[in-house]
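Participant: One structure coming up, written as C-alpha cells, with questions to follow.
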Amino acid sequence: MAAAAQGTPRGPGIRLARSQRRDQLLSIAQQLFTTEGYHHVSMDDIAEHAQVSKPVLYRHFPSKLDLYLAIVDERGDALLAAIDEAVRPVVAGEPNEGRAVVQAIVCAYITFVDGAGESSMLLFESDVTHDAGVRARVEHASREATDRIAGVLGHVSDLDPTGARAVAASLVALAQGAAVFRMRHPGGLDAAQTAELVSRLVWGGLAGLVRSDAAPATT
C-alpha cells in the first residue's frame with residue numbers, strides 16, 4: 001500500500017463541496033503518484049488516504065488514469081502560464097527584450113519546479129507512457145511550451161518554423177534540465193544565479209541568429 005499522504009481537510013463526517021472534494025482528491029493522488037509511481041498506487045489507496053468511499057472517488061474520476069491525467073493537465077497549465085508570462089514582452093512587441101525573455105523562460109521553469117517539487121516529474125519523467133495517446137497527453141505541456149517559444153523566435157530571428165521549433169525544443173530541454181538539477185542538488189546556485197548562468201549560455205548561441213532589425217539587448 002502507498003505511503004501516507006497529506007491533503008486538504010478530510011476524515012469521517014467531514015463534508016466538502018464538490019469542487020473542494022475534487023481538489024482534495026487531486027492533491028492526495030498527486031502526492032501518492034509522485035512518491036510511489038502511477039503503477040504502485042491504486043484507487044483503493046487514494047480513497048483510503050482521502051477517507052472517502054470508492055463510489056465517491058469514482059463519481060469525481062471514472063478511473064485511475066482519468067485522475068492521473070487531470071493532475072498532469074493541472075501541472076501543465078501551471079507551467080504554460082509561467083511560459084506565457086515569460087514570453088509576453090516579445091509577443092507584445094516590446095523592443096530590446098531578447099535576452100531578458102530567454103532568462104524569463106529559464107526562470108519560469110525554475111520557479112515551476114521549485115513550487116511543484118518532485119511532482120513536476122509527472123510532466124517530465126512520467127512512468128505512464130505505454131500508450132501513444134496517453135504519452136501525447138502527458139507530453140502536451142512540453143510540446144505547447146516548445147511551440148510558444150518557437151513563435152517568439154520567429155519574431156526576432158531569421159529561423160524558419162522548423163528551425164525555430166528545433167531551437168525552442170533545445171531551450172526547453174536546457175531550462176528543464178537546469179531546474180530539475182537544481183531541485184535534486186540543493187545547496188548550489190540559487191534560482192536567480194541559475195537563471196542568469198543558463199541564460200548567458202543560451203543567449204551566446206541565440207544572439208547569432210537574431211535579425212539586426214530586432215535589435216535585442218546584447219548585455
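We did not get these values from a lab; they are worked out from the coordinates using the rules stated. Computed from a predicted model, the values in this text were never measured in an experiment. Cβ: placed from backbone, ideal geometry, glycine included. Neighbour counts: every protein chain shown.
Participant: Could you sort 63-75, 24-36 so that the peptide with the highest average Cβ count within 10 Å comes first and the rest follow in order?
Facilitator: 24-36, 63-75
Participant: In whole Å, what three semi-axes, largest first, describe the equivalent ellipsoid of region 18-62 built from its Cα gyration tensor (square root of 5 times each eigenvalue)?
Facilitator: 17, 11, 8
Participant: Determine ³J(HN,Hα), in whole Hz, for all residues of region 159-172 in sequence, where each value follows from phi through the Karplus function 6.51 cos²θ - 1.76 cosθ + 1.60 and θ = phi - 60°; x replaces Gly and Pro.
Facilitator: Result, rounded to whole Hz: 5, 6, x, 5, x, 4, 5, 5, 5, 4, 4, 5, 5, 4.
Participant: Next up: Which one, V90, V198, V101, projects farthest toward the positive side of the charge dipole computed for region 71-214 from Cβ point charges (K/R +1, D/E -1)?
Facilitator: Value: V198.
Participant: Suppose every Lys and Arg Cβ carries +1 and every Asp and Glu Cβ carries -1, with no other charges. What dipole size does region 18-62 come out with about its Cα centre, to the nearest 20 debye?
Facilitator: Charge dipole of region 18-62: 320 debye, to the nearest 20.
Participant: Another one. Quick one: Karplus J couplings for region 194-199, per residue in order, coefficients 6.51, -1.76, 1.60, θ = phi - 60°, nearest Hz, x for Gly and Pro?
Facilitator: Once rounded to whole Hz, the list reads 5, 4, 5, 5, 5, 5.
Participant: Go through region 57-65 residue by residue and turn each phi into a ³J(HN,Hα) via Karplus (6.51, -1.76, 1.60, θ = phi - 60°); whole Hz please, and just put x for glycine and proline.
Facilitator: Values per residue, Gly and Pro as x: 4, 6, 5, 8, 9, x, 8, 4, 5 Hz.
Participant: Select from Q31, F61, M43 the residue farthest towards the positive end of the dipole of region 18-62; place +1 on Cβ of Lys and Arg, -1 on Cβ of Asp and Glu, and compute about the Cα centre.
Facilitator: F61
Participant: Any number yet on Rg/Rh for region 33-114, C-alpha, Kirkwood?
Facilitator: In region 33-114, Rg relative to Rh is 1.22.
Participant: Amide H of S157: which non-local residues (sequence gap of 5 or more, or other chain) have their own amide H closer than 5 Å, using H built in the peptide plane?
Facilitator: When sequence neighbours closer than 5 places are left aside, the close amide H contacts are R211.
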